[in-house]
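One structure is given below, encoded as structure tokens.
The values are calculated or read from the model by the stated rules, or taken from the named source; none is laboratory data. Since the structure is predicted, the reported quantities are computational estimates derived from the model, not experimental observations. Here the Cβ positions follow ideal geometry from the backbone for every residue, glycine too, while neighbour counts run over all protein chains shown.
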């Protein structure tokens, strides 16, 4: 009888312990969803692992909350530890329902294996890919997903994800594709070429609507680059191609968060690395459009340098197209001569000194000489005023 009573007491105690554990689990989940905790301890194969949920850098957290892209922190199993409001809006779900659930809930079935494999890659390399999210009401949303790994312990790791809504981009791609199909039925002519160029410039206008500085910068580079080419004696056909490429050379910045493009202070290393991806994004947008000139390559190469110190491929000397070398100089001159979100303008004299100092090492010698002649002897000037920024 005593043994039976003892067993019953033990059973009651175990039930009470389970009830307490369940209550604690519910409380923890509510805290995670409401964002009121700083860290989460998870039992895994390697024992307890602590995941930080709140960055002590309050301004950075505010940036995450206010940015126009979705931002997430997830475990290698896909558990969402943090989500900003924008991601919740993208999947059309309450924020407290997003936090604490698995990211796979919002990923289209055909992309889940891909996401699983990316979350199992514990490397410092950043991964970027297009995905389809499925919203609360079943709609499919195309996004550009950037995934980065962050170590928080000896073995524990979390992943920081940024999801960019590609709905507008995909719509533009459909319009461009539709126009290409229509134009394919016509013979190559001046009218056809002008129509195609207008389609690309229409995409550049999308960049202007997001960031007026970038658009003004592209238009002014589009004035200087063909002027340098003409001073160098290039053919009018080549000059035409340079004019088009330079006018849309920063097209890929459509994939960069506006908050980073217009940030009024110096960018962090991670933010600068994200900015650098704009050349590849721009290349991807136009690579399948047939032009008489290698427009996609000119966009891809405009940050390469003669000594191989540029990006994204580290090309050297003649490996870089001459047209790209010309656009690179026009890009540097305009950027230094204009006011940036994080500094005042440095002026034309400082810009000319920069390309003179880098002549033959960073910049093409003939293009440097032609550019200097334009400003000092032929009094070249931009007809569009640079965009001014307030630091308020």
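Out of 285, 256, 329, I need the residue that is at pLDDT 95 or above, buried (at least 20 other Cβ atoms within 10 Å of the Cβ) and touching a helix residue (DSSP H, G or I) at 6+ places or on another chain (Cβ under 8 Å). Which one?
The unique qualifying residue is 329.
If we only count helices (runs of 4 or more DSSP H) wholly inside the stretch 270-344, which ones have 1 or more residues that are touching a strand residue (DSSP E or B) at 6+ places or on another chain (Cβ under 9 Å)?
Those helices (runs of 4 or more DSSP H) span 278-286, 322-337.
Being within 19 Å of residue 288 (Cα to Cα) and either surrounded by fewer than 13 Cβ atoms within 10 Å (Cβ to Cβ) or at pLDDT 80 or above (or both) is the requirement here; does residue 146 meet it?
It is false that residue 146 is within 19 Å of residue 288 (Cα to Cα) and either surrounded by fewer than 13 Cβ atoms within 10 Å (Cβ to Cβ) or at pLDDT 80 or above (or both).
Only residues that are in a loop (DSSP other than H, G, I, E, B) and over 22 Å from residue 275 (Cβ atoms): list them for the stretch 113-149, please.
120, 121, 122, 135, 136, 137, 138, 139
Looking at (1) at pLDDT below 80; (2) in contact with a helix residue (DSSP H, G or I) (Cβ under 9 Å, 6 or more places away or on another chain), which one does residue 198 not meet, given that it meets all the others?
The one condition residue 198 does not meet is (2).
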